Amino acid sequence: DRGQHFKGIVAAMRETHPDLCIFQEVDLGARRTHGEDVAQELAKTFGMNYTFAPEFRELGQSTAEGSAYRGQAILTRLPIRSSRILRFNHQSGFWKPRPLLISSIPMLQRRIGGRIALVNELERNGNLLVVYNLHLESRTTEHGGRLQLDEVLADAQRYPAGTPVIVAGDLNTMSRHSPLITRMREARYSSCFGERRIRTHIIIGVLDWIFVRGPITCEGTEVHRDFHASDHFPISAELRF
């Protein structure tokens with residue numbers, strides 16, 4: 001939720017002691033979050049490595065210091081070998097500025113940019129671990145999200161089958177039998193929830209997921225409903241290699 005509940009995020013991290021955090025909707029230089037670099041502040045607070053990737057320039061959130069951005073961030077205690085942005089070819093036109101829509105109205109969220117995956121190559125005990133941080137489009141049908149997910153799966157084919165890969169984030173899965181989850185299983189990714197579908201959003205339902213591929217399994221996957229730092233509940237899993 002942009003980092004508007006910063007103290008709640010810090011409290012959740014202090015309680016769970018994560019080695020890897022995968023955040024969506026992270027502000028950089030936005031008025032609503034006091035112009036802060038939210039990812040950098042969290043990384044400094046916990047002494048973690050981090051990367052940030054902008055998905056949108058927020059036209060109604062600029063400050064006197066400059067433009068405002070919203071994107072995705074990865075924080076980790078592991079060394080980061082490299083980081084890159086996969087900007088999807090398939091995008092919704094919903095967010096584009098229009099002459100009769102006022103950018104400063106928060107509900108409209110007029111923006112320049114588009115949905116992305118933030119990809120980090122991490123080093124764990126001398127071996128490669130690949131993380132895809134996703135925020136699929138919410139203002140389209142699930143078919144639109146499926147097209148974006150297909151771009152992620154195609155990109156991940158560059159890594160050999162023996163490379164552990166994590167695909168996680170807000171997939172905006174709107175239906176009970178979402179084609180996105182079926183597609184992940186077809187591509188031989190395992191959900192850390194197994195066959196369970198657990199509500200991760202206060203109102204909408206099951207939106208957030210952790211998938212793994214390769215020599216990696218999940219244990220103790222949990223939705224933390226006691227943490228109040230977003231309109232989404234944080235989810236966590238213990239990973240075994």
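The values are calculated or read from the model by the stated rules, or taken from the named source; none is laboratory data. It should be emphasised that the depicted structure is a prediction, and the values quoted were computed from it without experimental measurement. As a convention, Cβ positions derive from the backbone with ideal geometry for all residues, glycine included, and neighbour counts pool all protein chains shown. These accessible areas exclude ligands, DNA and RNA; they are computed on the full protein's heavy atoms, side chains included. Shrake-Rupley method; radii C 1.70, N 1.55, O 1.52, S 1.80 Å.
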Looking for whichever is within 27 Å of Q148 (Cβ to Cβ), modelled with pLDDT of 95 or more and in a loop (DSSP other than H, G, I, E, B) here; the options are P54, P18. Which one fits?
-> P18
Inspect region 56-66 for any residue being surrounded by fewer than 19 Cβ atoms within 10 Å (Cβ to Cβ) and either touching an Asp or Glu at 6+ places or on another chain (Cβ under 6 Å) or closer than 27 Å to E123 by Cα (or both) and give the result as yes or no.
-> no
Those residues of region 200-241 which are of a type in the set (F, W, Y) and assigned to a strand (DSSP E or B) amount to W209, F211
If you take the residues in region 21-51 that are aliphatic (A, V, I, L, M) and in a strand (DSSP E or B), which one is farthest from T200 (Cα to Cα)?
-> L28
Subset of region 7-51 (residues that are of a type in the set (A, V, I, L, M, F, W, C) and touching a residue at least 60 places away in the same chain (Cβ under 8 Å)) = I9, A11, A12, L20, I22, F23
Among the listed residues R225, R197, R240, R139, which satisfies the condition of being modelled with pLDDT of 95 or more and open to solvent by 20 Å² or more (accessible area, probe 1.4 Å)?
-> R240
Residues (assigned to a loop (DSSP other than H, G, I, E, B) and open to solvent by less than 30 Å² (accessible area, probe 1.4 Å)) located in region 170-186 | L171, N172, T173, S178
Kindly list, by first and then second residue, each pair from a residue in region 213-232 that is within 12 Å of S191 (Cα to Cα) to a residue that is open to solvent by less than 40 Å² (accessible area, probe 1.4 Å), limited to pairs with Cβ atoms under 6 Å and residues at least 6 apart or on different chains.
-> R213/V165; R213/Y189; I216/P164; C218/C192; C218/A237; T221/C192; T221/F193; T221/A237
Tell me, please, whether a residue that is open to solvent by less than 50 Å² (accessible area, probe 1.4 Å), closer than 17 Å to V26 by Cα and either at pLDDT below 95 or assigned to a loop (DSSP other than H, G, I, E, B) (or both) can be found in region 119-129.
-> no
Applying the selection to region 19-35, what residues are within 19 Å of the chain's Cα centre (by Cα) and surrounded by fewer than 17 Cβ atoms within 10 Å (Cβ to Cβ)?
-> D19
